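Participant: Got a structure here, written out as structure tokens. Questions coming.
Every number in this text was worked out from the coordinates using simple rules, so none of it is lab data. These numbers come from a predicted model, not from an experiment. No Cβ is skipped: glycine too gets one built from the backbone with ideal geometry, and neighbour counts run over all protein chains shown.
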Amino acid sequence: EAQVTQNPRYLITVTGKKLTVTCSQNMNHEYMSWYRQDPGLGLRQIYYSMNVEVTDKGDVPEGYKVSRKEKRNFPLILESPSPNQTSLYFCASMIEGSGSWIGELFFGEGSRLTVL
Amino acid sequence: GENVEQHPSTLSVQEGDSAVIKCTYSDSASNYFPWYKQELGKRPQLIIDIRSNVGEKKDQRIAVTLNKTAKHFSLHITETQPEDSAVYFCAASYASGGSYIPTFGRGTSLIVHP
């Protein structure tokens with residue numbers, strides 16, 4: 001079954017304690033991305049990756065890191081989490097469509113993070 | 001960068017009525033406009049999309065229209081059903097110079113009353 005898998009789905013942590021949210025896709029997609037969803041603000045892109053070893057900032061990258069060492073994995077790293085990073089996080093992947101980088105985003109199930 | 005405005009933020013209709021959600025975008029380079037539906041506690045999923053070379057697209061009870069000149073696009077749902085209740089997100093995006101950053105609207109919470 002084609003899917004994007006995120007872990008953990010729920011996490012409560014404390015300020016300053018490093019954490020990693022993993023994301024894996026089994027569709028051989030080249031494009032992967034992280035979003036955060038906050039009430040009234042919609043989906044905001046944190047980082048994206050067009051391919052292995054290629055990453056770039058989205059709209060709200062501050063406080064986050066990513067890496068893309070393998071095509072299927074795109075972990076999101078919070079080196080020193082703060083309460084304003086409490087949010088619902090979605091990983092997504094996309095295949096190159098019709099010769100251009102525009103197509104359907106496949107989202108993971110989401111990871112709800114609370115930073116105390 | 002791109003800016004997408006979505007209205008209304010909340011829409012309440014009676015079952016069987018039509019619902020219309022409108023989005024405007026700022027960057028004339030945007031050429032792909034998807035709509036995602038997010039049911040409560042679930043992930044966003046694509047329901048329909050339209051590219052800039054098309055003015056309208058339909059899929060059963062849902063349709064999307066695009067006016068490139070005015071830089072706005074709309075989602076139309078006819079004969080609404082309770083299972084249409086969800087948050088709907090529009091997005092505008094383009095690919096340029098090896099990068100792809102879709103910009104989402106803030107979402108519309110559609111409530112369909114039985």
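Participant: If we count other beta carbons within 10 Å of each Cβ, what is the order of A:CYS91, A:CYS23, fewest first?
Facilitator: Working: A:CYS91 28, A:CYS23 25.
Least to most surrounded, the residues fall as A:CYS23, A:CYS91.
Participant: Most fluctuating residue of B:THR78, B:THR69, B:THR24 in a GNM of chain B with Cα springs under 10 Å: which is it?
Facilitator: B:THR69
Participant: When Rg is the radius of gyration of the Cα atoms in segment B:2-52 and Rh is its Kirkwood radius, what does Rg/Rh come to?
Facilitator: Values: Rg = 13.1 Å, Rh = 13.0 Å.
Ratio value, two decimals: 1.00.
Participant: Let me ask something additional. Under a no-solvent Debye model with one identical scatterer per Cα of chain B, what's log10 I(q)/I(0) at q = 0.12, 0.17, 0.19 Å⁻¹?
Facilitator: At q = 0.12, 0.17, 0.19 Å⁻¹ the computed log10 ratios are -0.39, -0.77, -0.94.
Participant: Among the listed pairs A:LYS57/B:LYS71; A:LYS17/A:LYS65; A:LYS69/B:LYS37; A:LYS69/B:LYS42, which have their C-alpha atoms separated by more than 20 angstrom in this model?
Facilitator: A:LYS57/B:LYS71; A:LYS69/B:LYS37; A:LYS69/B:LYS42
Participant: So what's chain A giving for Rg/Rh, alpha carbon basis, Kirkwood Rh from the mean inverse pair distance?
Facilitator: 0.96
Participant: Within straight cross-link reach of B:LYS22, meaning Cα distance under 16 Å, which aspartates and glutamates are found once same-chain residues fewer than 8 apart are removed?
Facilitator: Once the sequence-local aspartates and glutamates are set aside, what remains near B:LYS22 is B:GLU5, B:ASP49, B:GLU56.
Participant: Further, regarding this structure: Pairwise over distinct Cα atoms, reciprocal of the mean inverse distance: report the Kirkwood radius of segment B:59-98 in Å, one decimal place. Write out the running numbers ahead of the final one.
Facilitator: Values: mean 1/r = 0.0796 Å⁻¹.
It is 12.6 Å.
Participant: So what's the Cα pair-distance distribution over the protein assembly as shown, bin width 10 Å, in %?
Facilitator: Reading upward from the zero bin: 8, 33, 35, 20, 4, 0.
Participant: How well do other chains shield peptide A:46-59, expressed as the mean number of their Cβ atoms within 10 Å of each residue Cβ?
Facilitator: What the average comes to for A:46-59 is 2.
Participant: OK, next. Let me understand segment A:26-68 better: what is its radius of gyration from the alpha carbons, and its Dmax, in angstrom?
Facilitator: Values for segment A:26-68 (Cα only, Rg and Dmax): 11.2, 33 Å.
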